[in-house]
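K.L.:
What follows is a single structure, and I will ask about it in a moment.
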Amino acid sequence: MSEQRFTHLGEVCGDMEYLTDAAGRTPGHILCCECGVPISPNPANICVACLRSKVDISQGIPKQVSISFCKQCQRYFQPPGTWVPCALESRELLALCLKRIKAPLSKKVRLVDAGFVWTEPHSKRLKVKLTIQKEVMNGAILQQVFVVDYIVQPQMCGDCHRVEAKDFWKAVVQVRQKTLHKKTFYYLEQLILKYGMHQNTLRIKEIHDGLDFYYSSKQHAQKMVEFLQCTVPCRHKASQRLISQDIHSNTYNYKSTFSVEIVPICKDNVVCLSPKLAQSLGNMNQICVCIRVTSAIHLIDPNTLQVADIDGSTFWSHPFNSLCHPKQLEEFIVMECSIVRDLKRSAGAGMISKKHILGEVWVQKTSEMNTDKQYFCRTHLGHLLNPGDLVLGFDLANCNLNDEHVNKMNSDRVPDVVLIKKNYDRTKRQRRRNWKLKELARDKENMDTDDERQYQDFLEDLEEDEAIRKNVNIYRDSTIPVESDTDDEGAPRISLAEMLEDLHISQDATGEEGESMMTQ
């Protein structure tokens, strides 16, 4: 029930309080002009009950208001066209509720206080208790408290409507890489998940040589392009197509397309640099191995352990390609291995890798064990190899190299074999792998056996390279028992300290968000 009282010059006339003057005298009583009840003097000369029956200062203020709420994105509608996220009984939601009252409170009455009255979370009702004041008869100020009911009506916002339609988009980012291996895309996928860059996408579509990201606004697509430029070496082009226009209001509707091309180099590729680029990188050899692709291409010279980083702008100025197909990797067995202690550096040489040890090895193909043909080479894997180990590499001596830079090189400077990585038993590694990765929700094409093999290669790269692993969120798989960090063959594994618990956020029966976590 509404409560009313009127005040004047700081006095509360509705309360039976007797004020004394400076001489200590108590003011007398008067009779109410309506009902004759004795009351303290007030400007209206009327009691509270009679004044309440005559004047309602809340008249004109609606007692029931409707507000729109989108269940998909948990946002409330704020006219004329804005959707804002607000928590229950928050200051933001209270401000939105007060703005929804059609009668302006500041013009008719003075708002003194406002607050929420508790309601059930699933009642689709909000109650706001308002305290207002207004000057009435002869300067008397009347104060009244009442409750306004807000009916929460479900309505899908424009952004969620476009998401549900799945075909409506205003901008698309087409990411492409002209390679036969998807290691860079697997790494990019984990970065997108880690930093939440997929949250504004309407749809993600996987095609043969890349991914397409669809967005409802051009600004979100531009943000994605900026993220790609910071994480992988690439270049991009932008274009737009006019869909419709209004000549009266001079408005245009465009669909924008951003084409992003990632450098065609992946981890474990053997490349041949141009003479000018090799000289600018500290006179390193032209034949190098790509050991990592992050925001730059990381190369190492297997003959000298000299390393260099090539960013996207440098690559497009001096482009180079991979010399061999990933399927051309062959298995070798190490016959002899020795460490090169005295590493001579030429004048003007660049930085030397401290994580690798230079080794000189004699290897033989496992497919040619019935012959005596062996190959000698230098390798950056000297810290990993021992006689009898299996190693994967490229046989450049018996390979048809169709590259303009290799054709101009002296044949003595082209190694016979370039070793890439030590080979472990893949079946055992898969069985003992007690971690997993998350994947983007996207429209996939049929995954063949080659895609599965490439994904397993990427998982093995994470186990072997800590520099790549620190940029990826790795989650513990509770279905696999915990074992030591290395197996019997010495294959590297990811420690439990580097894993995260798989966190699932769901809504319980009360509508509140609850957390369920996979425990060890």
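The values are calculated or read from the model by the stated rules, or taken from the named source; none is laboratory data. Small disclaimer: the values here were computed from a predicted structure and weren't measured. Neighbour counts are summed over all protein chains in view; Cβ atoms, including those assigned to glycine, are modelled from backbone coordinates with ideal geometry. We work out accessible area using only protein heavy atoms, side chains counted, and drop any ligands, DNA or RNA first. Shrake-Rupley method; radii C 1.70, N 1.55, O 1.52, S 1.80 Å.
K.L.:
On a 0 to 90 degree scale, rounded to 10, what angle separates helix 183-195 from the longest Cα axis of the chain?
P.N.:
20
K.L.:
Here's another thing I want to ask about it. Report ³J(HN,Hα) in whole Hz for each residue of region 415-426, in order, from the Karplus equation J = 6.51 cos²θ - 1.76 cosθ + 1.60 where θ = phi - 60°; Gly and Pro get x.
P.N.:
Values, residue by residue: x, 6, 9, 10, 7, 9, 7, 6, 9, 10, 6, 5 Hz.
K.L.:
If you average the C-alpha positions of region 397-452 and of region 131-152 separately, how far apart do those two centres end up, in angstrom?
P.N.:
Going from one Cα centre to the other spans 76 Å.
K.L.:
Hey, with R₀ at 56 Å, roughly what FRET efficiency would Ser90 and Ser338 work out to, going by the Cβ-Cβ distance, to 0.05?
P.N.:
Computed FRET efficiency for Ser90 and Ser338: 0.20.
K.L.:
Separate question: Counting only protein heavy atoms and a 1.4 Å probe, tell me what percentage of the chain's accessible area is made up of carbon and sulfur.
P.N.:
On the chain, the fraction of accessible area on carbon and sulfur atoms equals 48 percent.
K.L.:
What do you get for chymotrypsin sites (Phe, Trp or Tyr not before Pro) in region 150-217 restricted to DSSP loop and a cutoff of at most 14 other Cβ within 10 Å of the site's Cβ?
P.N.:
Phe168
K.L.:
Okay, next question. Counting pairs of alpha carbon atoms under 8 Å apart in space and at least six apart in sequence, what relative contact order in percent does region 283-389 give?
P.N.:
Once normalised by length, the contact order is 28 percent.
K.L.:
Taking the solvent-accessible surface of protein heavy atoms with a 1.4 Å probe, what is the per residue accessible area of the chain in Å²?
P.N.:
On a per-residue basis, 55 Å².
K.L.:
Are there chymotrypsin sites (Phe, Trp or Tyr not before Pro) in region 247-303 that DSSP puts in a loop and that have at most 12 other Cβ atoms within 10 Å, and which ones?
P.N.:
Answer in residue order: no site qualifies.
K.L.:
Once you place label points 7 Å from the Cα toward the Cβ at Thr131 and Lys276, how far apart are they in nm?
P.N.:
7.9
K.L.:
If the chain were replaced by its equivalent ellipsoid, with semi-axes equal to the square roots of 5 times the Cα gyration tensor eigenvalues, what would those be, largest first, whole Å?
P.N.:
76, 26, 21
K.L.:
Sticking with this structure for a sec: From the Cα trace of region 150-196, what convex hull volume per residue do you get, rounded to a whole Å³?
P.N.:
Output value, Cα hull per residue: 132 Å³.
K.L.:
Taking H placed 1.01 Å from N in the peptide plane, check which residues at least 5 places from Ser216 or on another chain put their amide H under 5 Å from its amide H.
P.N.:
Distant-sequence amide H within range of Ser216: Lys170, Leu202.
K.L.:
Compute for region 144-295: radius of gyration divided by Kirkwood radius, i.e. Rg/Rh, restricted to C-alpha atoms, rounded to two decimals.
P.N.:
A ratio of 1.19.
K.L.:
In nm, to one decimal, how far is the Thr82 label point from the Glu164 one, both placed 7 Å along Cα→Cβ?
P.N.:
Computed distance between label sites Thr82 and Glu164 equals 2.5 nm.
K.L.:
I need the peptides 52-61, 197-206, 397-406 ranked by packing, meaning the mean over residues of other C-beta atoms within 10 angstrom, with the highest value on top.
P.N.:
197-206, 52-61, 397-406
K.L.:
Now a separate question. Where does each of 89-102, 233-246 land if you order them by average Cβ count within 10 Å, highest first?
P.N.:
Descending packing order for the listed peptides: 89-102, 233-246.
K.L.:
With +1 assigned to the C-beta of every Lys and Arg and -1 to the C-beta of every Asp and Glu, and no other charges, what is the dipole magnitude of region 335-426 about the Cα centre in debye, to the nearest 20?
P.N.:
For region 335-426, the charge dipole is close to 500 debye.
K.L.:
Compute the signed sum of charges (Lys and Arg +1, Asp and Glu -1) over the other residues within less than 10 Å, Cβ to Cβ, of Lys178.
P.N.:
Net charge in that neighbourhood comes out at -1.
K.L.:
What ranking, highest mean first, results for peptides 465-478, 375-388 when packing means the other Cβ atoms within 10 Å averaged over each residue?
P.N.:
375-388, 465-478
K.L.:
Roughly how much of Lys218 is accessible, in Å² to the nearest 10, using a 1.4 Å probe?
P.N.:
80
K.L.:
Taking 7 Å along the Cα-to-C-beta vector as the label spot, tell me the Lys255-Glu120 distance in nanometres, rounded to one decimal.
P.N.:
For the pair Lys255/Glu120, the computed spacing is 4.7 nm.
K.L.:
Calculate, for Val112 and Val152, the FRET efficiency according to 1/(1 + (r/R0)^6) with r their C-beta to C-beta distance and R0 22 Å; round to the nearest 0.05.
P.N.:
0.25
K.L.:
In nm, what is the difference between 0.36 nm times the number of residues separating Asn407 and Lys438 and their Cα-Cα distance?
P.N.:
The span from Asn407 to Lys438 would gain 6.8 nm if fully extended.
K.L.:
Taking a 21 Å limit on the Cα-Cα distance, which of the listed pairs Lys237/Lys267; Lys63/Lys134; Lys276/Lys408; Lys63/Lys99 fall beyond it?
P.N.:
Violating the 21 Å Cα-Cα cut-off are Lys237/Lys267.
K.L.:
What number, in percent, do you get for the relative contact order of the chain if the mean sequence gap of Cα pairs under 8 Å and at least 6 apart is divided by its residue count?
P.N.:
Over the chain, the number comes to 10 percent.
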